[in-house]
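Presented below is the structure to which this report refers.
The values are calculated or read from the model by the stated rules, or taken from the named source; none is laboratory data. For clarity, every value in this text was computed on a predicted model and none was experimentally measured. Please note: Cβ atoms are built from the backbone with ideal geometry, for glycine as well, and neighbour counts cover all protein chains shown.
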Amino acid sequence: MSFGQHNARVQLCERAEALAAETHPPAQLAREVQKLRAEWKALDEQHAGVPKSLWERFDGACEKAYAPAARHFAELHAARKQARSSARSSSPPRRRTRRRFWPPSRVT
């Protein structure tokens, strides 16, 4: 790995670590982490030989930064699921009717 590649990856690690220390709305946080991972992947396309310790540092920082957004999205999912199930249980069961295909409707 070239010196420039190494420095670029170290800067990505530092940006991910800084992001973990900041407070952002969940959607913005998710976009920022996705952007950092896309930049890392772009560097991988140029040169794939990366020390494992550097990758683990970056990945850990991204996971830590994304954790609040992940919790938020999981809570939203659980609330929506609960709302759907309570809506189904509170409404009367739907009566299934057969579709009638004969006689065909007249088209004029």
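Kindly indicate which of ARG84, ARG96, ARG57 is surrounded by 11 or more Cβ atoms within 10 Å (Cβ to Cβ) and either out of contact with any His (no Cβ under 7 Å at 6 or more places or on another chain) or at pLDDT 95 or above (or both).
ARG57
Please work out which one of (1) of a type in the set (A, V, I, L, M, F, W, C); (2) surrounded by 11 or more Cβ atoms within 10 Å (Cβ to Cβ); (3) under 18 Å from the mean Cα position of the chain (by Cα) is the condition ALA38 fails and give its number.
Status for ALA38: all satisfied but (2).
Please identify the pairs in which a residue from segment 14-38 that is closer than 22 Å to TRP55 by Cβ has its Cβ atom under 8 Å from the Cβ atom of a residue that is surrounded by 11 or more Cβ atoms within 10 Å (Cβ to Cβ) and of a type in the set (Ser, Thr, Tyr), counting only partners at least 6 apart or on another chain.
LEU29/TYR66; ALA30/TYR66; VAL33/TYR66
Taking the conditions exactly as written (outside any helix (DSSP H, G or I) and more than 18 Å from the chain's Cα centre (by Cα)), does ALA48 satisfy them or not? Steps first, answer last, please.
On the way: outside any helix (DSSP H, G or I): yes; more than 18 Å from the chain's Cα centre (by Cα): yes.
Considered against the rule, which asks whether it is outside any helix (DSSP H, G or I) and more than 18 Å from the chain's Cα centre (by Cα), ALA48 comes out as yes.
From the set of residues in segment 23-51 that are modelled with pLDDT under 90 and among the charged types (D, E, K, R), which is nearest to ARG71 (Cα to Cα)?
ASP44
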